[in-house]
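K.L.:
This is the structure, below, for whatever I ask next.
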Amino acid sequence: MGCCAGRCALIFFCTFQLVMALERQVFDFLGYQWAPILANFLHIVAVTLGLLGTVQYRPRLVVGYTAWMAVWVIWNVFIICFYLEVGGLSQDSKLLPFSVPGHRSWWHEHRPGCLWEDAGCALQPQHVEVLHSGLQILGALLGFVCACCVISVLTEEEHSCQRK
């Protein structure tokens with residue numbers, strides 16, 4: 001019973017992460033943010049493999065997904081620090097677009113809730129990016145916890161089948 005609930009939860013979180021990653025990928029493509037595009041692509045591949053491992057009862061794929069979730073949290077913490085300019089990081093650096101001039105976050109040019117460029121906006125572009133990364137971290141942590149439960153149950157089932 002616990003295995004089914006854990007697997008269903010992990011399938012839900014993987015699907016949620018895929019939707020969030022695809023949405024983020026679209027906006028990174030629109031802003032020509034090449035480093036995040038590459039990271040999002042790797043994330044989509046890892047989450048797809050984790051989803052496949054969950055559906056097909058393959059604990060090794062779920063372990064790979066779990067390891068990637070730790071890397072994904074670190075990446076998103078870096079993105080948050082980058083956009084909030086923590087620790088000497090600057091949004092004006094050419095770090096994310098890989099030194100391609102004139103490319104910034106899509107949200108920088110298309111601010112949400114702005115009627116005019118001079119007027120105050122509902123959200124500043126860096127806050128939109130921080131919110132995106134915060135949701136990515138939340139999804140990764142929830143997926144990590146579910147994946148650990150699924151790995152535990154799947155490896156217990158493997159060991160009990162081998163003993164019989």
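The values are calculated or read from the model by the stated rules, or taken from the named source; none is laboratory data. Predicted model, so just to flag it, every value in this text is computed and none were measured. Using ideal geometry, Cβ is built from the backbone for each residue, glycine included, and neighbour counts are taken over all protein chains shown. The accessibility values were calculated without ligands, DNA or RNA, using every heavy atom of the protein model including side chains. Shrake-Rupley method; radii C 1.70, N 1.55, O 1.52, S 1.80 Å.
K.L.:
How much length would be gained if the chain were fully extended between C8 and S90, taking 0.36 nm per residue of separation minus their Cα-Cα distance, in nm to one decimal?
P.N.:
This chain segment gains 25.4 nm when fully extended.
K.L.:
For a quick protection proxy, order the peptides 32-38, 44-50 by their average other-Cβ count within 10 Å, most packed first.
P.N.:
Going from most to least packed, we get 44-50, 32-38.
K.L.:
By accessible area of protein heavy atoms, probe 1.4 Å, what ranking do S152, S133 get, highest first?
P.N.:
Putting S152, S133 in descending order of accessible area: S152, S133.
K.L.:
A further question on this structure: For the stretch 2-84, what percent of Cα pairs sit more than 22 Å apart?
P.N.:
For the stretch 2-84, the fraction of Cα-Cα distances above 22 Å is 28 percent.
K.L.:
Also, I was wondering about something else. Please work out the FRET efficiency for the pair E157 and L123, using the Cβ-Cβ distance as r and a Förster radius of 45 Å; give the result to the nearest 0.05.
P.N.:
0.45
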